[in-house]
Amino acid sequence: MTIEIELWEVGKEVTAKDVSMISGVNQVKGIHPIKRNGQIEGVAILCTLLGDNYKNEWISENYILKYFLESNNGIYKEEYVGNRSIINSKNNYNIYAFIRNKKKEKFKYAGIFKYEGIDSESDGAKYFVLSRKQDLMEEKEISIGDILENLDTMEEVIEEFPEGKKKYKVHSRAERNPRVINAAKKRFKEINGKVYCEACGFDFEKVYGKIGEDYIEGHHIKPVSEMKAGETTSVNDIVLLCSNCHKMVHRRRPWLSHQDIKEILK
């Protein structure tokens, strides 16, 4: 038998109560194992991004989700029923993700995800790494370390395959075109004589010498999740940033602008 959620369209708005009616789990819970005849056949998660108790967030916009384990008084145990249902989902059943940006909003069905692993913050808080699962998406194999370090800059991460790290498959529905970043760098250099961070002014070549020549990261002003099918990106949509500033613009949602970073650094 098909789980009702599988019939829902991605983007469908629901409440916690709607999901609770399917799972039978208290609507205040974030993890909802869905059972039939005593056996788990799927698990739904209710995810509030950057919430008060759990700082859930996209590691890579719309592809890789950082979702914190259920905890009790700050203790994160994999043995808790909800947490175990996600861990045991691998190769057994699907994870159905319902996501919202903040409390009091309705959740939106984000599709089917799969369990990739568990990681932790410096304070000991543990979180799941969940990747979008879609048969029609193109599979790309990258390391979870690269995902965490590069956040939304998937076009750069995909080109690197470090040895000795656990690999995860990422299903990507839409991919940035790296050529537009190269064009933006070329235009910037033609105008300014060199490339440097548009937020803090950091010049890789000045600090690192020849090895840093022409190195800079390209930040897409518009998130790929907000782009419509067939929409293109031009050099005017790219801001050149150093690694630190690039990570900082992604620290909040909606993203900070490079002008915001300039104000912070004043």
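Listed values for the stretch 251-266 are Karplus-derived 3J(HN,Hα) couplings in whole Hz (6.51 cos²θ - 1.76 cosθ + 1.60, θ = phi - 60°), namely 6, 10, 10, x, 4, 6, 9, 5, 5, 4, 5, 4, 5, 4, 7, 5, and x replaces Gly and Pro. The phi torsions of the stretch 15-30, fed into the Karplus equation with coefficients 6.51, -1.76 and 1.60 and a -60° offset, translate into couplings of 9, 4, 5, 4, 5, 4, 5, 7, 8, x, 8, 3, 5, 7, 6, x Hz, rounded to whole numbers, with Gly and Pro shown as x.
Rounded, prolate or oblate: which one fits the stretch 1-141, using the alpha carbon gyration tensor with axes a ≥ b ≥ c (rounded when a/c is under 1.5, else prolate when a/b beats b/c, else oblate)? Provide the component values of the computation, followed by the final result.
On the way: a/c = 1.23, a/b = 1.15, b/c = 1.07.
Verdict is rounded for the stretch 1-141.
Summary of packing: across the peptides 33-45, 183-195, the per-residue average of other C-beta atoms within 10 Å ranks them, highest first, as 33-45, 183-195. Debye-formula intensities of the stretch 44-107, expressed as log10 I(q)/I(0) at q = 0.22, 0.28, 0.30 Å⁻¹, are -1.05, -1.33, -1.34 (one equal scatterer per alpha-carbon, no solvent). Using modelled amide H (1.01 Å from N, peptide plane; none on Pro or chain starts), what sits under 5 Å from the amide H of W8, excluding residues fewer than 5 places away? Under 5 Å from the amide H of W8: no residue qualifies.
Scanning residues 5 or more positions from L50 or on other chains, those with amide H under 5 Å from its amide H are N56, E57, with H placed 1.01 Å from N in the peptide plane. Rounded to the nearest whole Hz, the Karplus-based 3J(HN,Hα) values (6.51 cos²θ - 1.76 cosθ + 1.60, θ = phi - 60°) of the stretch 62-78 follow the sequence 6, 10, 10, 10, 9, 10, 6, 5, 5, 9, 9, 6, x, 9, 9, 10, 5, with x at glycine and proline. Summarising the amide proton neighbourhood of F202: residues at separation of 5 or more, or on other chains, whose placed amide H is nearer than 5 Å comprise C197.
Every number in this text was worked out from the coordinates using simple rules, so none of it is lab data. This structure is a prediction, so every number in the text was calculated from the model and none was measured. So basically every Cβ, Gly included, is an ideal-geometry build from the backbone, and we count neighbours across all protein chains shown.
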